[in-house]
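The values are calculated or read from the model by the stated rules, or taken from the named source; none is laboratory data. Bear in mind that the values here come from a model prediction, so they are computed numbers and not experimental data. Glycine gets a Cβ as well: all are built from the backbone with ideal geometry, and neighbour counts include every protein chain shown.
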Amino acid sequence: MAKRITIDPITRIEGHLRIDCEVDNGKVTKAWSSGQMWRGIEKILEGRDPRDAWECTQRICGVCTTVHAIASVRAVENALNMEVPLNAQYIRNMIIAAHGIHDHIVHFYHLAALDWVDIVSATKADAKKTAQLAESLSDWHLNSYANMKAVQDKLKSFISSGQLGVFANGYWGHPAMKLSPEVNLLAAAHYLQAFDVQRKANQIVSTLGAKTPHVQNLAVGGVANTINMDSQSTLTLERLMLVKTAIDELESFIKNAFLIDVGAIGSFYADWTQYGSGITNYLSAPDMPMDTKGTVFEMPGGYIKGGDLGTYKAITSFNDEYFKQGVAESSKHSWYEGSEPLHPFKGETEPNYTDWQEEGKYSWVKSPTFHGEPAQVGPLANVLCMAAAGHEPTTRYLNGVLGTVKALIGVDLPLTALHSTIGRHAARAIRTGVLYESLKNQWQALVDNIGKGDVDTFNQPEFPKGEIQGFGFHEAPRGILSHWVTIDNGRIKNYQCVVPSTWNAAPRNADDVPGPYEAALLGNPVADPEKPLEVLRTVHSFDPCLACAIHLHDDEQNEIIRVKAL
Amino acid sequence: MNTLLLGVGNILLQDEGVGVRVVEEFQRRYLIPEGLDVLDGGTSGIDLLHHIANREHLIIVDAVKTGDPPGTVIRLGGDKVPAFFRQKITPHQLGISDVLAVATLRDEHPKNIVLIGIVPLTMETGLELSTAIAAKLDTLIDRVLEELEARGLAPEPIANGDAAA
């Protein structure tokens, strides 16, 4: 008989997400994804100066600060048909790349890995064997026996203290946990080391952005960094060299730990290439503009239909009509008025809460479509589009991960194995490698351009009388993000953000077609409905981020998760 | 560098952002003395790890829900702070409780933690504090000053600091 599971909220994500599943014979047969928060934050922007919008939008979420800032300045620049100085593009691109690297590392090690890695099991490992395995996989300098032993002792004393802290609420000992104690210890060691590595990436953002967590250097028309190789208060050679050092330090971890770990853990969970594909229409934005107009991009993006890379159609500029005309959002199953899909420029946000209705409205998230179809977004979409476009670094890192799997289990995984839960993790690591190369290239492009005597970083925006509209997109860590703005006499009249998790966490659309989370969960195994670890694996593989709204400390509600099996 | 004054919260949700507003106002009114760092943490999680790591003193200002009437100011110290943060429900991927737990795991936990909290009146979408909570900014800043003075830190007022507010 079918059982119902409600997981509310899903933890180790940003925002409040509820997932309901119907489970029959150990498999998910139906799923519903429900965003449990209403933001309406765009309303704050109405009537404000478009030059200030980015400072507000970067407060939407504690994780995606810079990405909303970038999309916002691009949207306003698009409305004004502005060009952005080359130096400003390169500086922004470096912030984008460094933030993306930081975000992907934190997601894999600190948010998602605990679905696959059993921390308690790691305490039972033979640390010598762990070190041998680690040293056979790569020459990462912290893979020695001494390091593995120290990590294991640390975990033992931490767990025996009774305060599990960050490791509380894990499904330790769950039958779906398949790694040997030795591999668990290896992953745990890199989990700990990754805290230092993510900081290196963040240092790049703070050096260029003047501050973290909220950057201060953006401006509609460019960046506020002034370049002067002699002055202390500006972007100097010394600061650029600091950035270069941090870039070099990231390289080793990305290549010798992250990419290897994803290949190794993926090998032990190769059955998870069979689950979690769901929607195989993939949408991603080109990014890292290399010219002032946004027509040449270092990282390509576009649209793939039905998982067939031959259908790839590129998005080619910041004015791309194919993208601009393709986006619509339906509220048929969302707690808003109306049901017909509307273009973001015509978007409405009038709440109509009805309670959770299986066949009716059940989410605060709208359901977006691209030319009438649901689309999956995120690193997998990005990697597949870049591979389809023949992007060399992407192909190289992709082959590297597939090579690790082949070396470990002797299996030649086809590209189609990526359409899966584990494939999304592999794609995130591959994209991190690509972002590292981009970061290095952008740094060099900036230094070369300054060397030519160009120190421009800003073009003054001028707002015309009357109404103008613009859109800005950005390939953020969780996928394509777009901001849509209508400006009237220099003031914001309407503002809409179509965020990556709106695409992925979408409820059923106007044609009642399920969204990517919902579709990906179908056929997903569930060994124990009381401990639905496998459901979390697939949902976490998307890196959900339901734009943070509430942060209040509450000592009245102690219930952390409701896992209800009916 | 031994003491961190950290304001947290979401400024897009009115009183939810009171911790950030206190820190902003503090920076408008006072010169930051040596030995003190002041940070607007927004709604960040893991980004805060290296800011709080190995601090002698961590003073957090935040909105808190205690069941007391709106505007009630509370102070929690010692072990009660991590315990308090553990009880709360957080919609964040890694909230402050998790970041403190990671600091413990890494042997970087701040030695002394104090939480100055205030019960919010409204958390509707909006950039402004409610009038009732805005009226408590002076009280909150006084409480922060008391904590700093108890730690031997005496921030000097900026001339005409109030005028800039």
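The table below gives the values:
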quantity	calculated
Test: residue in segment A:63-80 that is out of contact with any helix residue (DSSP H, G or I) (no Cβ under 9 Å at 6 or more places or on another chain), surrounded by fewer than 24 Cβ atoms within 10 Å (Cβ to Cβ) and not in a helix (DSSP H, G or I)	no
Failed condition for A:H214, given (1) within 19 Å of B:G45 (Cα to Cα); (2) outside any loop (DSSP other than H, G, I, E, B); (3) in contact (Cβ under 8 Å) with a residue 60 or more places away in the chain	(2)
The listed residue being part of a helix (DSSP H, G or I) and either over 30 Å from A:V455 (Cβ atoms) or touching a residue at least 60 places away in the same chain (Cβ under 8 Å) (or both), out of A:A125, A:A150	A:A150
Output for segment B:91-116, where each listed residue is at pLDDT below 75 and touching a strand residue (DSSP E or B) at 6+ places or on another chain (Cβ under 8 Å)	B:P91, B:H92, B:Q93
Residue within segment A:455-469 that is more than 17 Å from the chain's Cα centre (by Cα), surrounded by 16 or more Cβ atoms within 10 Å (Cβ to Cβ), part of a helix (DSSP H, G or I) and modelled with pLDDT of 95 or more present	no
Selected residue [within 13 Å of chain A (Cβ to nearest Cβ) and within 17 Å of A:Q216 (Cα to Cα)] from B:D15, B:D47, B:D37	B:D47
Tally of residues being within 22 Å of A:A314 (Cβ to Cβ) and buried (at least 16 other Cβ atoms within 10 Å of the Cβ) across segment A:396-422	4
Search result, residues across segment A:382-432 that are in contact with a Phe, Trp or Tyr (Cβ under 8 Å, 6 or more places away or on another chain), under 25 Å from A:L536 (Cβ atoms) and not in a helix (DSSP H, G or I)	A:S420
Which numbered condition A:H474 fails, given (1) closer than 22 Å to A:F318 by Cα; (2) buried (at least 23 other Cβ atoms within 10 Å of the Cβ); (3) at pLDDT below 95	(3)
Residue selected from segment B:8-32 under the condition touching a helix residue (DSSP H, G or I) at 6+ places or on another chain (Cβ under 8 Å) and outside any helix (DSSP H, G or I), by the criterion farthest from B:G152 (Cα to Cα)	B:L12
Residue tally, condition among the hydrophobic types (A, V, I, L, M, F, W, C), modelled with pLDDT under 95 and part of a loop (DSSP other than H, G, I, E, B), over segment A:527-556	7
Single residue of A:L186, A:L179 found to be in a helix (DSSP H, G or I), touching a residue at least 12 places away in the same chain (Cβ under 8 Å) and more than 14 Å from chain B (Cβ to nearest Cβ)	A:L186
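Residue by residue, here is whether (1) under 17 Å from the mean Cα position of the chain (by Cα); (2) in a helix (DSSP H, G or I); (3) away from every other protein chain (no Cβ under 14 Å); (4) under 30 Å from A:E321 (Cβ atoms) holds:
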{"residue": "A:D20", "(1), (2), (3), (4)": "no, no, yes, no"}
{"residue": "A:S33", "(1), (2), (3), (4)": "no, no, yes, no"}
{"residue": "A:R51", "(1), (2), (3), (4)": "no, yes, yes, yes"}
{"residue": "A:C61", "(1), (2), (3), (4)": "yes, no, no, yes"}
{"residue": "A:I91", "(1), (2), (3), (4)": "no, yes, yes, yes"}
{"residue": "A:A98", "(1), (2), (3), (4)": "yes, yes, no, no"}
{"residue": "A:H104", "(1), (2), (3), (4)": "yes, yes, no, no"}
{"residue": "A:H110", "(1), (2), (3), (4)": "yes, yes, no, no"}
